[in-house]
Amino acid sequence: MLGDSRRRFAEAQLLCDAHLSFILVQATLDRHPAPDSQRRLKALLADALSRARSPFNSTGGKPVAGQPLPNSILYRGYVLLMLAGMERAGLADAESTALFDALAAQLVEALSQQLLLPSFGRSIWPCDSAPAAAGLLLHGRLRDNVESRASGERLVARLVELASLPTGFPTRVDAKGRPIESTQRATTLAWTGAFLAMASHPEARRFTATLVDGYCDHPAGSALPLAACREWPRGVKGREDAASGPLVFGGYSVGASALAIAATRLSSEHRQWHTHLLNAAREMGIRTTLERPRKQPLEAALYWWGTTVRPW
């Protein structure tokens, strides 16, 4: 992350593929399609189905419509959302639609047996279920599939139940949903709020409001329109990791602030926060990253997604 080899992010290739595809879909929906969008989307999907798989192989896997996909809920959720975007933008073909239907059906079956599934090995991060929940809700809507819609709603309800715990939305849980890392974090709130909002789910507001109210500030004072979000609750001195990115100026998280750009853009109640987060990103030098996106492709993709994201 940020060009620092000490901050490795295992799922970076998948996220680059997926978020670039989301940006292309959003451009098409906004009637400003990129040239040859369908070919580009298919190339990104092909990369996600091949090169981006390896970090998730520790969860095992099984074929889906002829594709050997890892069982990881994070991986499958992202691929499902990529396929949903193609369908939503009218850029799907028979092959991608068949995979969309098959993957949704496989997820419905897996979630009927265990509602919270691992992302890597046996480790379960509840926030990583948000892309899958959004993908299932969208599959239900776009393909008129009752089972997908119901499974997506059950998964959202479980995330809301965890967010209602006295300690807040846990970072990591066991297979029964019991917290292993119980401290609520800004990255998990922003991530969950943004993905649920992509599927226009009303519970997105709960996560985004908790994020803004509990973690986002104006570090330079309320008179200046610059905002940032702490990774850890106020008064908690936590460490930085791959998810949070660097912690700067006494605990403000680069990762949480970046994801909050997307979450607040999707919330009608928090548009001013969105503007102030963008202002801070510009002041901190995001322009340099955007001018040379090949040097920091994930950071650039997440920023462009956060500034263009819209409900599907």
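The values are calculated or read from the model by the stated rules, or taken from the named source; none is laboratory data. Treat the numbers as computed from the prediction; the structure is a model and nothing was measured. Note: ideal-geometry Cβ built from the backbone for every residue, glycine included; neighbour counts use all protein chains shown. Accessible surface is based on the protein model in full, side chains and every heavy atom, while ligands, DNA and RNA are left aside. Shrake-Rupley method; radii C 1.70, N 1.55, O 1.52, S 1.80 Å.
What to note about this one:
- Considering all different alpha carbon pairs of region 1-90, the Kirkwood hydrodynamic radius works out to 13.8 Å.
- Protein heavy-atom surface of region 1-159, 1.4 angstrom probe: 50% of the accessible area is carbon and sulfur, with nucleic acids and ligands not counted.
- Rounded accessible area per residue of the chain, 1.4 Å, Å²: 44
- Computed over neighbours whose Cβ is under 10 Å from that of Ala110, the net charge equals +1, Lys and Arg +1, Asp and Glu -1.
- Gained length - Asp213 relative to Arg294, 0.36 nm times residue gap less alpha-carbon distance: 25.7 nm
- Considering only Ala256, Thr288, Leu196, and ranking their Cα positions along the charge dipole of region 186-312 that arises from unit charges at the beta-carbon of Lys, Arg, Asp and Glu, the one farthest toward the positive end is Thr288.
- D (Stokes-Einstein, µm²/s), Kirkwood Cα radius, region 113-186, 1.002 mPa s at 20 °C: 169
- Screening the chain for whole DSSP H helices with an alpha carbon extent of at least 15 angstrom along the helix axis and a mean Kyte-Doolittle hydropathy of at least 1.6 yields nothing.
- Fully extending the segment from Arg143 to Ala223, taken as 0.36 nm per residue of separation minus the present Cα-Cα distance, adds 24.0 nm.
- Region 174-246 and region 136-163: distance between their alpha carbon centers, rounded to Å: 22
- Qualifying chymotrypsin sites (Phe, Trp or Tyr not before Pro) for region 194-286 [loop in DSSP, other Cβ within 10 Å: at most 13]: Phe249
- Per residue, the convex hull around the alpha carbon atoms of region 60-172 comes to 89 Å³.
- Rounded to the nearest 20 debye, the dipole size of the chain about its Cα centre is 420 debye, using +1 on the Cβ of Lys and Arg and -1 on the Cβ of Asp and Glu.
- Electrostatic dipole magnitude of region 74-220 [Cβ: Lys, Arg +1; Asp, Glu -1; Cα centre; debye, to 20]: 320
- Which labelled figure in (1) 28, 23, 18; (2) 44, 34, 16; (3) 47, 22, 14 is semi-axes √(5λ) of the Cα gyration tensor in Å, once derived from the coordinates: (1)
- Within the chain, the longest run free of trypsin sites (Lys or Arg not before Pro) that sit in a DSSP loop with at most 13 other Cβ atoms within 10 Å is 32-121.
- Cut-off under 5 Å, modelled amide H: who pairs with Arg172 long-range: Ile180, Glu181
- Considering only Thr210, Thr171, Thr288, the Gaussian network model of the chain with Cα springs below 10 Å gives its largest mean-square fluctuation to Thr288.
- Here region 167-224 exposes an accessible surface that is 50 percent carbon and sulfur, computed with a 1.4 Å probe and the other protein chains kept in place.
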